[in-house]
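Okay, so here's the structure we're looking at.
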Protein chains: 2
Amino acid sequence: MSAVRLRDIAERLGLSVTTVSRALAGYSDVAEQTRQLVLQTAQEMGYYPNLTARHLQRQRTDTIGFVVDIFGPRFSDPLFSELLAGIGNLAAREGFDLLVATTPPDTDDEVEAYRRLVRGRRVDGLILVRTRVADRRVQFLLEQQFPFVTFGRSTGAERFSWVDVDGERGVYEVVNRLIAVGHQRIALLQPDLPIMFARFRERGYRAAMAHHDLPVNESWIVHEALTEDGGYRGMQRLLELPSPPTAVLTNNDQMAIGAIRALQERGLRAGHDVAVVGFDDIPLARHIHPALTTLRQPIYQIGQHLCRTLIALIRGELDEPFHLLLQPEIVVRESARL
Amino acid sequence: MSAVRLRDIAERLGLSVTTVSRALAGYSDVAEQTRQLVLQTAQEMGYYPNLTARHLQRQRTDTIGFVVDIFGPRFSDPLFSELLAGIGNLAAREGFDLLVATTPPDTDDEVEAYRRLVRGRRVDGLILVRTRVADRRVQFLLEQQFPFVTFGRSTGAERFSWVDVDGERGVYEVVNRLIAVGHQRIALLQPDLPIMFARFRERGYRAAMAHHDLPVNESWIVHEALTEDGGYRGMQRLLELPSPPTAVLTNNDQMAIGAIRALQERGLRAGHDVAVVGFDDIPLARHIHPALTTLRQPIYQIGQHLCRTLIALIRGELDEPFHLLLQPEIVVRESARL
DNA sequence: CTGTTAGCGCTTTCAT
DNA sequence: ATGAAAGCGCTAACAG
């Protein structure tokens, strides 16, 4: 168990630590015979480099950081594992470790988590998700000139790399299609936090309504948590309006599912009495009843893009900030006929 | 941006690095005045310790590792984020970082990931989930005498710490109750991998059937992926049997949802024509229609238990392996009336 | 080709 | 109360 070090190999072979190191690293200025000997001995002795020591010496950690907003103890997010898979698989392939920190959003803990990772040189770069309006994390990383990539754009003209899904356009299209099939009172279930993607989507919503000269009743825009419960409550509030909307767009599939339940409880059917559109297209979406009409985000690929971009940035291979705006795919199923 | 080191503070103040280090660490053998000066200067200069250097010196990383099995690119697991939240929040509170590695299960990559973390002394301990029959990861960690905790027991009499949910008893109870309300042909949707929890659950299933002298038709035990699609396919196979089961137990809620869809496609209703029981009680379970009858695992708390135990182990505060067997809670909703 | 030397930034005896 | 020195395990510049 006691760890074998370069020195142990060197002493055994009567070589210097340097030579052993270079033999293992495959440098060309080591005699073939020596190299073989070293390789074999290292194998025999079960040598494995101490990564911490290597990191200190190389002045990099070969690690990327990912700070996750956690909303309460029941943080159940089907997208999250898929995003992590995308990031993690690519990171592993490129020889990077992934450090995940969990914090409640927009708190002092969150700030401290970032400080720790950045200032403590704990990681070489950061991936940041769910960008917020006037995002202090973005601000901080920009100040620190620390490599990072975000999933989602931010306010201001900051120059940094991001990957995003064009929710504005996606929602614009969906609202157009809802209007085309006869809807006029269209509601939008928004999150209860100033998340950027929701702003863009709302913009698309308003643009489409305006485009058709349809008025937007502000009580159609309801703010709730991005959960099933949030969607449920939001839909309830909408149903209590004097003349409820006939179509509802939500900010994720969980909200849509909650909304559908609120409808069912009143004897209404999603897709018949009220159209419900989700966002994300989690695997569950096509299996529930009624199957969810939704806007797909290719989340695994987004994870890969984020990771690939960050690694390029860390390696200094990126001269300009990288921007990628993906188009969401409208997936029509039963909860809204389009 | 250039990192401030202890030496920079020392030089500025005309002190030695040693004194600065001790002042910052709060040692008592530093003059109060000196301490104040150091603290203030460190603050001014924006000092933050280089964690890698500290780790190398202290011979520990204050990091725990978590290797996640990833099944294909659409790895969407609502439980996963919740487990991670439980682990991560507690780790952060105790001053530990969390390193997450993603690998496909039971491959050479997986073995290499463990080797790397353990032999490279990349982390101080590991959390391992979904223990498998004859689990080579457990074997490896035991050989290496490396601190680890598992979610799930394993075969053999290995002495290591684990947290588990008593699926055997939970399923036993559920089957009893299904039988009590008249079911006799009861099926079990198993995973397509040799995961320990499925073995225990199957044991509970067989015990309950035997207890009531009911025969078990081996074609009622179907092996599929732990996904909605898996549940869907499994249910289809069951429905093709000459006399299909009237009740189905699944190994997670996603499978149950897939199974319900297979029923619906044939015009059958879960909870009326066929009873469907899930496992886990993900937040979605109560929002879909029909609402899922299921066995709840308190997954966030399990994450905390795992993390707490591992940290105790790392700190040498654990003399005996720690074992915790939690009872799942039967949550009766619409998909199976019990 | 191989070894010597220096150093990554920190902590920790051990003197003084 | 403070500092000098050693060392964690590795890599790299520079001699020879």
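The values are calculated or read from the model by the stated rules, or taken from the named source; none is laboratory data. Note that this is a predicted model, so its numbers are computed, not measured. Neighbour counts are summed over all protein chains in view; Cβ atoms, including those assigned to glycine, are modelled from backbone coordinates with ideal geometry. Heads up: the accessible areas ignore ligands, DNA and RNA and are worked out on the full protein's heavy atoms, side chains in. Shrake-Rupley method; radii C 1.70, N 1.55, O 1.52, S 1.80 Å.
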Given a 1.4 Å probe and the protein chains all in place, what does the accessible area of residue A:294 round to, in Å² to the nearest 10? 0 Å²
Copy-to-copy label separations for residue B:273, where each label sits 7 Å from Cα toward Cβ, in nm and ascending: 2.5
Charge sum, other residues only, whose C-beta stays under 11 Å from residue B:325's C-beta, Lys/Arg counted +1 and Asp/Glu -1: -1
Suppose R0 equals 30 Å; then what is the FRET efficiency for residue B:273 and residue B:214 from their Cβ-Cβ distance, rounded to the nearest 0.05? 0.90
Farthest toward the dipole's positive end in chain A, which of A:103, A:87, A:252, given Cβ charges of +1 (Lys, Arg) and -1 (Asp, Glu) about the Cα centre? A:87
How crowded by other chains is B:113-121, given as the mean number of beta carbons from other chains within 10 Å of each beta carbon? 4
For region B:326-332, Karplus couplings with θ = phi - 60° (6.51, -1.76, 1.60), whole Hz, Gly/Pro x: 8, 8, x, 9, 7, 10, 8
In region A:196-239, which residues have a backbone nitrogen under 13 Å from the label point lying 7 Å from residue A:158's Cα in the Cα-to-Cβ direction? A:196
Inside 10 Å of the C-beta atoms of A:64-75, what's the mean count of C-beta atoms belonging to other chains? 4
By the C-alpha gyration tensor axes a ≥ b ≥ c (rounded if a/c is under 1.5, else prolate when a/b exceeds b/c, else oblate), the shape of region B:167-298 is rounded
Other chains near A:253-265: what is the mean number of their Cβ atoms within 10 Å of each residue's Cβ? 2
Given H placed 1.01 Å from N in the peptide plane, which residues other than close sequence neighbours of residue B:132 have an amide H under 5 Å from its amide H? B:196
So if we plug the beta-carbon distance of residue A:136 and residue A:32 into 1/(1 + (r/R0)^6) with R0 = 60 Å, what FRET efficiency do we get, rounded to 0.05? 0.60
Loop only by DSSP, 16 or fewer other Cβ within 10 Å of the Cβ. Give me the GluC sites (Glu not before Pro) in region A:107-166 that pass, ordered by residue number. A:158
Measuring from its Cα centre, the protein assembly as shown shows a charge dipole (+1 at each Lys and Arg Cβ, -1 at each Asp and Glu Cβ) which, in debye to the nearest 20, is 520 debye
From the phi of every residue in region B:208-218, what ³J(HN,Hα) in whole Hz does the Karplus formula 6.51 cos²θ - 1.76 cosθ + 1.60 yield, where θ is phi - 60° and glycine or proline is x? 5, 4, 4, 4, 9, 6, 9, x, 10, 7, 5
Within region A:307-336, backbone nitrogen closer than 20 Å to the virtual label 7 Å beyond the Cα of residue A:59 toward Cβ: A:311-318
Here the relative contact order (percent) of region A:1-158, from C-alpha pairs under 8 Å and at least 6 apart, is 20 percent
Sum -39500 (n - 2.57) across every DSSP H segment of at least 4 residues in chain A, then divide by the residue count to get the 222 nm mean residue ellipticity, nearest 500. -13500 deg cm²/dmol
Tell me the label-point distance for the pair residue A:221, residue B:301, using the 7 Å Cα-to-Cβ offset, in nm and rounded to one decimal. 4.2 nm
Could you tell me how many degrees, from 0 to 90 and to the nearest 10, lie between the Cα long axis of helix B:167-180 and the main elongation axis, the longest principal axis, of the Cα atoms of chain B? 30 degrees
Peptides ranked, highest mean first, by Cβ atoms within 10 Å: ranges A:268-278, A:131-141: A:268-278, A:131-141
Antiparallel DSSP beta bridges within chain A, as percent of all bridges there, nearest 5: 10 percent
Among DSSP beta bridges whose residues both lie in the protein assembly as shown, state the antiparallel percentage, nearest 5. 10 percent
With one decimal in nm and the nearest listed first, the spacings from residue B:115 to its own position in the other copies, using label points 7 Å along Cα-to-Cβ, are 4.1
To the nearest 20 debye, what charge dipole does chain A have about its Cα centre, counting +1 at the Cβ of each Lys and Arg and -1 at the Cβ of each Asp and Glu? 320 debye
Farthest towards the positive end of the dipole of region B:212-338, among B:230, B:314, B:285 and with Cβ unit charges of +1 on Lys and Arg and -1 on Asp and Glu, lies the Cα of B:285
Rounded to one decimal in nm, the spacing of the 7 Å Cα→Cβ label points at residue A:74 and residue B:11 is 5.7 nm
If packing is taken as the mean number of other Cβ atoms within 10 Å per residue, what is the order of B:212-220, A:146-154, highest first? A:146-154, B:212-220
Charge-dipole axis of the protein assembly as shown as Lys and Arg at +1 and Asp and Glu at -1 on Cβ define it, positive-most pick from A:243, A:15, A:38: A:15
Sequence-separation-based contact order of region B:214-268, relative, with Cα cut under 8 Å and 6+ spacing, percent: 40 percent
Using a 1.4 Å probe and counting only protein heavy atoms, how much accessible surface gets buried when A and B come together, both sides summed, in Å² to the nearest 100? 6000 Å²
Which residues qualify? For residue A:68, with a placed amide H closer than 5 Å and at least 5 residues away or on another chain, they are A:101, A:102, A:103
Region B:188-338: relative contact order in percent, alpha carbon pairs under 8 Å with at least 6 residues between: 20 percent
For a quick check of understanding: with a 1.4 angstrom probe and all protein chains in place, what accessible area in square angstrom does residue A:229 have, to the nearest ten? 60 Å²
How long is the gain from residue B:39 to residue B:93 if the chain were fully straight, where each residue apart is worth 0.36 nm and the alpha carbon distance is subtracted? 17.1 nm
In region A:230-321, what GluC sites (Glu not before Pro) fall in a loop by DSSP, with at most 15 other Cβ atoms inside 10 Å? A:240, A:317
